[in-house]
Structure formats: C-alpha cells, structure tokens
Amino acid sequence: MIHKIPRSKGSSFWLVAIQVIASLNLLFSIVMALNFLKFRKRHWWRSCYLWAVWIEGPLGFGLLLSCRITQIFQLYYIFVKRRLPPLRSYIFLLLILLPWIALAAVIQIKKPLNDRCHMGTLWIILVMGLHALYVVALIAFAGAVHHVEFRFHELKDLWRGILVSSASIGIWVAAYVMNEVREDISSLEIASRFLLLVMTSVLVLAFFSFSISQPLVSVMSLRKKNQKEYKTMSQALGIPDSGILLQRESTSILDPNEPLEKLLLNRRFRQSFMEFADSCLAGESVHFYDEVQHFDKIPIQDSVRRIYMARHIIEKYIAAGAPMEVNISHRIRQEILNTNDLSHTDLFKNALGELMQLMKLNLARDYWSSMYFMKLQEDIRMRAVDPEMEHASGWNFSPRLSSVHCSDDPFQNEHTELR
C-alpha cells in the first residue's frame with residue numbers, strides 16, 4: 001500500500017494517509033469496545049470512553065467520512081463552481097470534524113456507558129443520527145455534481161461509497177438491537193458482534209476500493225488497474241500532441257533570428273529547447289509552456305477537460321511549493337489561484353507572457369551556442385538526406401553536455417567545486 005500512495009505535497013497524499021489511520025482506528029475500536037480480546041488485568045487504555053467514543057467517533061468513522069466529504073467538496077468547487085476551493089483541505093476537514101468532537105466531549109462528561117460499553121436508546125439515536133447526517137451530506141454533494149461528465153469515474157465511486165456507508169449504519173443498528181434486546185442468548189450476541197466486525201471490515205475495504213481522492217486519477221485503490229498508463233495529463237485526457245511538424249519544417253534549418261514564440265510552435269525545436277533547459281535546471285518554464293499549449297487545444301465547449309488540465313497545471317506549476325513551480329510575479333500567481341473560471345481561455349496568458357520574457361533573456365541566448373542546438377541542426381540535415389529517419393530517436397547524448405555555462409543554474413558553483 002505504501003508504494004500505491006503518491007509522494008505529492010498536496011492533499012492527495014495526506015487525505016489518503018488519514019483515511020488509512022481512521023480505518024485502522026475504526027477496526028480497533030470495534031474490537032476493543034466489544035471485548036473481542038480478553039486481558040487478565042484492566043488497564044486505563046481499555047476504557048470504553050477511549051475506544052467506543054473517541055477512537056470510533058472523531059478518530060474513526062467520523063474522520064473517515066469527513067475525509068470523503070472534503071474530497072467531494074473539492075470536486076464540487078472545481079467542477080461546478082469552476083474555481084479552487086475557498087478553504088484549504090485541512091481547515092475544512094477540521095471544521096466538519098467539530099460535531100464529532102463536541103458529541104464525544106458531551107458523552108465523556110455525561111458518562112452514559114455501562115461496563116459493557118453500551119449506552120441508552122436516546123444516546124444511541126443521537127450517535128447514529130450523527131452518523132446518518134454525514135452520509136446525507138455525502139448524498140447532497142453527490143447530487144450537486146451528478147450532472148458533471150467526469151473523466152475518471154469520480155461520481156460512480158462516490159455513489160458506491162455512499163451505498164456501503166448507508167448499509168454499514170443499518171447493519172450496525174440491527175446488530176445493536178439484536179445484542180440489547182436478547183442479552184441472555186449467547187449465540188445471538190456472538191452473531192451480532194461478528195456482524196459488526198465484518199461490516200466494519202467491508203466498509204474499510206470498500207472505501208479503498210472506490211477512491212475519489214483527487215479529481216484527476218485514483219490516488220489509491222485495492223482494485224487491479226487494467227487501464228492504460230499515461231505519462232502525461234494531456235494523454236490521459238486524450239489531447240493530441242501540440243506543435244507543428246510538417247515535412248518542410250522537419251528539413252529546414254532553424255533561424256535564431258526568428259521570434260521564440262514562433263520557434264516553440266515547432267515540436268522538434270521545443271523538445272530540444274526543453275532538454276537544454278532541463279540540463280540547466282531551469283526547465284519549468286518550457287514545460288509550463290508545453291502544458292499550456294495542450295490546455296489551449298481543448299475546445300472551449302469542453303469545460304470539464306479544460307478544468308482537469310487547468311487544475312493539473314496549477315498544482316504542478318502555479319501553487320506555492322509546486323513540484324515545478326515557475327518564477328512569476330505574485331500578482332499574476334494570485335490572479336490564477338483566485339480565478340472565477342478555471343476553464344477561461346486567458347487563464348495562463350499573463351503568466352506565459354512573463355515566462356516568455358525570461359526565456360528570451362536567459363535560456364534562448366545560451367541555447368544557440370549549446371550542443372543541443374548543434375545536435376538539432378545536425379539531425380535536421382540528416383533527415384533532409386534520409387527522410388526515413390523521421391521516426392528515429394535523436395536525443396541520445398548526455399543531458400548535461402553543453403558548450404556554455406548556464407547562467408540560470410543555481411548549482412553551477414557547487415558542480416565546479418565537486419569537480
């Protein structure tokens with residue numbers, strides 16, 4: 001399971017990690033509260049209020065459903081409101097956990113539990129009502145996003161999770177009634193406890209079989225994936241590769257005097273320029289340009305795919321601490337993060353303009369005297385002689401091979417000292 005969890009800095013990792021902890025807490029609380037395990041001595045950590053109240057509620061079922069509500073809340077704002085959520089995930093999660101914490105505190109103060117960790121009917125109705133309330137909240141959010149044509153089955157997985165959650169609550173209530181009404185029948189008590197534990201296990205497995213942790217791809221699932229693996233988001237969304245690659249352009253010599261904007265439209269030049277930028281540890285701008293080109297190729301009418309791609313770009317390049325955070329002004333960054341329409345055609349226009357100026361001042365000047373440009377020119381000449389080389393691989397040289405020292409390389413001095 002560790003290898004299935006992505007190592008990302010966003011909520012996609014910690015929400016899943018919290019669900020793992022909440023699931024284990026839920027299982028252990030059922031085991032301990034119903035005395036499945038016998039101990040010779042009574043310890044403080046075997047308290048009914050610890051396991052049946054706090055760990056089963058705020059740290060178990062409540063936390064598990066709160067994570068799901070947080071995830072569907074993100075889906076609602078991104079695909080229905082077409083903007084990023086106004087609250088960070090961890091803040092929203094803490095807010096919706098407050099009712100569970102408040103109820104647990106009241107039970108702790110009133111102490112309605114007996115020596116078998118059971119409470120009266122009124123308390124049971126209150127506790128199960130809170131359980132049902134969170135399932136109703138999931139249903140309400142699902143109804144709000146049911147019209148969105150998701151690309152990765154998020155809504156289908158959500159309804160499955162709701163169905164299993166509702167069934168688990170019903171079976172828990174039935175098992176409680178069976179156990180409370182006829183306490184003198186040991187076989188009935190054993191059957192009800194067994195039913196509780198099995199249903200809890202099914203709930204945990206079902207939640208990890210139906211993952212809606214991110215509106216892009218499944219974050220973690222116990223199902224075997226038969227779908228094709230994609231290297232980029234544009235491939236997953238079915239966006240054709242951007243860039244011009246006509247026969248006349250594949251054999252014509254590139255002119256350094258041409259505007260960089262025009263040269264980057266050539267896919268072969270952009271690939272060479274991107275590898276040069278990566279070798280200088282400054283490839284974020286070129287990668288950002290490439291992904292924005294894919295974003296612009298999506299029709300305006302296809303708002304769902306545009307939102308998928310926009311959020312991918314924001315999480316990868318724009319958000320603070322992003323894996324490939326680009327160097328843009330604070331004003332433009334906030335304009336993108338606070339946009340009212342993630343599918344807008346000019347969402348990344350200003351950011352692309354700033355980065356284009358930076359590429360012209362730094363990377364473009366060094367590229368023309370680099371081995372990458374020489375290799376590209378040689379490749380073009382060879383293709384002009386032998387057109388069959390069109391599909392041959394042409395980038396087999398060292399990624400750090402360059403006849404110039406990149407001024408953008410912050411580790412240049414460190415590399416020199418190491419040599």
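A few comments on the model shown:
- Among the listed pairs LYS231/LYS349; LYS81/LYS360; LYS110/LYS156; LYS81/LYS110; LYS111/LYS156, those with a Cα-Cα distance over 31 Å are LYS81/LYS360; LYS110/LYS156; LYS81/LYS110; LYS111/LYS156.
- Tail fraction, Cα-Cα pairs, the stretch 252-366, threshold 26 Å, whole percent: 19
- Counting only Cβ charges, +1 for Lys and Arg and -1 for Asp and Glu, the dipole size of the stretch 30-160 around its Cα centre is about 400 debye.
- Remark: the TRP14-ILE101 segment gains 29.3 nm on full extension, using 0.36 nm per residue and subtracting the alpha carbon distance.
- The slack in the chain from LEU281 to ALA167, taken as 0.36 nm per residue of separation less the alpha-carbon distance, amounts to 35.8 nm.
- FRET efficiency for LEU265 and VAL80, using Cβ-Cβ distance with R0 set to 30 Å, rounded to 0.05: 0.30
- Under 5 Å from the amide H of ASN266 lie the amide H atoms of ILE244, each residue being 5 or more positions distant or on a separate chain, with H modelled from the backbone and absent for Pro and chain starts.
- Placing unit charges on the Cβ atoms of the charged side chains and taking the dipole of the stretch 323-365 about its Cα centre, the candidate lying farthest along the positive direction among PHE348, ASN338, ASN327 is ASN327.
- Contour minus Cα-Cα distance for THR345 and MET324 (0.36 nm per residue): 5.3 nm
Any read-out appearing in this document is the output of simple, stated calculations on the displayed coordinates, not a laboratory observation. Remember, it's a predicted structure, so these values are computed and weren't measured experimentally. Note: ideal-geometry Cβ built from the backbone for every residue, glycine included; neighbour counts use all protein chains shown.
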